[in-house]
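Written below as structure tokens is the structure these notes are about.
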Amino acid sequence: MEQNQAPIKEPTESKTTSKSDTDLSSPATTDTSTTIKSDRDALTHEDLLSPDTWIIGGPLGSKNAILIFRSSALANATDITIQSKPAYKLHITYKVLQAETKLLAKLLECHGITEVIPTSSDFNILWTGSHPKPGTFRCLASHQKVNHFPRSYELTRKDRLYKNIEKMQHMKGYKHFDFIPQTFVMPSEYKDLCSTHHRTKGPWIVKPVASSRGRGIYIVETPNQVPLEEPVVVAKYVAKPLLVEGHKCDLRLYVAVTCFDPLIIYIYEEGMVRFATVKYDTSHKTLWNPCMHLCNYSINKYHSDYVKSDDPSAENVGHKWTLSALLRHLKAMGNDTANLMSQIEDLVVKSILSSGNSIVTACKMFVPSINNCFELYGFDILVDDTLKPWLLEINLSPSLGCDSPLDVRLKSAMLADLLTLIGIPAIDPMLRMSVTTLSSKNSRTNNSLRMKLNAYHRVHSADGLSNTLPKKNSSPSQHGRLTTSTLNLSQEEQRIIKMAKAQFDRRGGFVRIFPTVDSWSKYGQYLDPITGVPMACSITSNYNIQIPHNMNLLLFNHLFPEMASSTLKLDRGHLKSLDKTRDLSLDSKGLIALQRQDRYERKLTQGHKTLLPPHKPLHESESAELKKQICDMVKNGQKLTPIEIRKAFSQYLNCILKRIANSPTEEGHVEIVLKFLQRASNYLKSPFAIKPPSQKLSMKDRTAIVAKQLNDFIYLYNRETELFCHLTKHSEVPRIIAFTNFLETARESDLEELLHLHTVPINGNQRSPNFQSLLKCLPNLSGSCLLSPINRSNRNSIKVSQLS
């Protein structure tokens, strides 16, 4: 095998069952297959429902009707099929804010759901790539859903995540939360880092606290290499990772939380395994090579040795595998994959529990309905050479980009199952809004009064709790076991139980990991004994309580009544830790564990199997005509709008990105791009530091690193363009749409000519344009809106003269 060859070139698991198979009689579970067959058969909606079923829970117009989503809708979408969907007939809509949603938008549109403008409030689904503001949550109607919970940054900001887990380590013992590398937050903990490094030495990995896609990550050997002028976290580098054919890898797992009180967590049965392009060197003499030590796809995809499979059915070919393919590979080598997945489930649950209290608090304060919010988290996990999983980070909005057929296949299946799982009501937003508008004023008044009253009741206070605490001589049946025979459930409690059961029936490829049959014995010690919410890391928690309740215990007892009585017999102060291995003392638990492991290891067969085509592709002649019109317009003195020219420049930079990635030996091109980035990055509002790659690296490695930094620049540049779009007038929108159509098929030479025409009046250069001359001159054009069109008076703006 060559040095940077992909881990495996040919698939080998010819006899492995698939994720749509219903006969899963593997040798390890043959004797018990009849016992757990019903749960195994609940695989995907595309297997269980007839092909023409797009709504469940009632007929069209029923208040209980829920939309069904299928990835197969992507394959045969026509105007006729779309208009026949229930969502189209009910005018179901979605709204997108600051998010990459090509696949999501295509999937929604194939089901008859149309997009509304960003300022519209008549939507059924809001999908945003950033944290919504409290006012956004407060204004949600009961039928509307948003893809985030308030304060989710407690999980997804690297500094907050570690601090929350660290507090749980202090409260409940380090051994119960030992799944995250030791981490320090800079600059406040720099002295602690230095003292720890003196005892244990490096290396250390540096990460910005709020970045994603591998932006700004690098490895250092000593603390004096860590920047102190910006907020970063410094984590202990896991020195002995799991290697597959010599390559380091990490896992991207998709975790869905549908509710925080009660807590309901699902993990998708299939995930993605990402490999570093360069073989791992255990001597640590190559820490400056990110293509060896970092597995992010956004970093490695620009390396010339990166292998991308064009076969959507090949799950273990190239530098990106499926989770099931890795598990089957490890199992064939004699490894205990069941224990690995058990530890990963435990890691996911405890990570969410560590931050759950703050999120529950915010939900009570801002979210009108328990059904309004859901969240898809991207868990990045590293496995070491002992098969111990380590949590690297949790992503707020995991990438839904699809650069290969395998991406499309996995993510389309996952998204379809997610949309079905959360239960989007089949309700016309216009009709619903007209009904709820009259009652909204009264509800806001009542909510405001309720929140003021709630401020006087805290979990750590004994006020108001004397009547709800169990009597000294009371039996468990009097206060612990909540069943229909001992307690008349309120409408809210009945609705929550019904919701949880209905979600489970619609779970498709998602596996529920909390609550489970053994979740109370494993995690009950981390829940507040009165309210059932995750314990606060501090006694000063400001969780507001209306009435004492324990929704987690209530739901557990109704979902698993056979386990409720045995759970109550456990002495809460003597719960034994089950963190390392799953409790298999009861047959039902063992069978369920085996069933879950089967789902993780079987092959994926659902999902769309081809790359998505460009949205409304133009014929080449149409593109040429649009180009002529736009160029003639510029020549005649009509200027392009700032949005148009920035989008053209962004598209042009993407062409340059492809050029240098496809020609890694052109050192001159790489140096020109690097110099451009060093100058142009000063114009970005977001902090963006360019780090030239080490001269010790090969040209291929240097090219990949520079290409990654150019890609990061384009990402931030596009985000600032989106922000600028919100300041534009609506009169510019029609021309922007036509301009976007041109950009979709424009060649590099077309964009060069357009940008040259835009810069000629300023630069006075009449020579034929090329990318070297453009990249050299553009940062110095004080009259150009390419780099800094947004509020030039902003204090972060840098004068062009400072760059020359």
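Quick notes on this structure:
- Candidate set from the stretch 656-683 (those that are touching a Ser or Thr at 6+ places or on another chain (Cβ under 9 Å) and of a type in the set (A, V, I, L, M)); member that is nearest to HIS303 (Cα to Cα): ALA661
- Restricting the first member to the stretch 675-704 and to residues that are more than 11 Å from ASN289 (Cβ to Cβ), and the second to residues that are among the hydroxyl-bearing types (Ser, Thr, Tyr) and assigned to a helix (DSSP H, G or I), the beta-carbon pairs closer than 8 Å and six or more apart or on different chains are LEU684/TYR717; PHE688/SER681; ALA689/SER681; ILE690/SER681.
- Residue satisfying condition, being open to solvent by 50 Å² or more (accessible area, probe 1.4 Å), modelled with pLDDT under 90 and within 24 Å of ILE370 (Cβ to Cβ), within set ASN64, ASN76: ASN64
- Inter-residue pairs, beta-carbon under 8 Å, first in contact (Cβ under 8 Å) with a residue 60 or more places away in the chain and under 11 Å from ARG252 (Cβ atoms) and in the stretch 391-405, second of a type in the set (Lys, Arg) and open to solvent by less than 40 Å² (accessible area, probe 1.4 Å), 6+ apart: GLU393/LYS158; GLU393/LYS207; PRO398/ARG252
- The helices (runs of 4 or more DSSP H) located wholly in the stretch 139-245 that include 3 or more residues which are surrounded by fewer than 21 Cβ atoms within 10 Å (Cβ to Cβ) occupy 158-172, 190-200.
- Positions within the stretch 263-294 being of a type in the set (Phe, Trp, Tyr) and open to solvent by 30 Å² or more (accessible area, probe 1.4 Å), in sequence order: TRP288
- Selection within the stretch 667-690 - more than 23 Å from TYR717 (Cβ to Cβ) and either among the charged types (D, E, K, R) or not in a helix (DSSP H, G or I) (or both): GLU667
- Criterion applied to THR386, THR322 was being open to solvent by 30 Å² or more (accessible area, probe 1.4 Å) and among the polar types (S, T, N, Q), and the one residue passing it is THR386.
- Reported count of residues in the stretch 691-726, each being open to solvent by less than 30 Å² (accessible area, probe 1.4 Å) and in a loop (DSSP other than H, G, I, E, B), is 2.
- Selected residue (criterion: modelled with the highest pLDDT) from residues of the stretch 635-662 that are farther than 13 Å from GLU748 by Cβ and open to solvent by 30 Å² or more (accessible area, probe 1.4 Å): LYS647
- Matching helices (runs of 4 or more DSSP H) fully within the stretch 248-340 where at least 1 residues are modelled with pLDDT of 90 or more: 323-332
- LEU347, sole failed condition from (1) open to solvent by less than 10 Å² (accessible area, probe 1.4 Å); (2) on the phi > 0 side of the Ramachandran plot: (2)
- Test result for GLU109, open to solvent by 40 Å² or more (accessible area, probe 1.4 Å), within 20 Å of GLY607 (Cβ to Cβ) and part of a loop (DSSP other than H, G, I, E, B): no
- For TYR94, the conditions (1) more than 30 Å from LYS350 (Cα to Cα); (2) in contact with a helix residue (DSSP H, G or I) (Cβ under 6 Å, 6 or more places away or on another chain); (3) not in a strand (DSSP E or B) are fulfilled apart from (3).
- Residue within the stretch 261-273 that is in contact with a helix residue (DSSP H, G or I) (Cβ under 8 Å, 6 or more places away or on another chain) and farther than 30 Å from CYS363 by Cα present: yes
The values are calculated or read from the model by the stated rules, or taken from the named source; none is laboratory data. This structure is a prediction, so every number in the text was calculated from the model and none was measured. All Cβ positions, glycine included, derive from the backbone under ideal geometry; neighbour counts span all protein chains shown. Remember, those area values only see protein heavy atoms, side chains included, never the ligands or the DNA or RNA. Shrake-Rupley method; radii C 1.70, N 1.55, O 1.52, S 1.80 Å.
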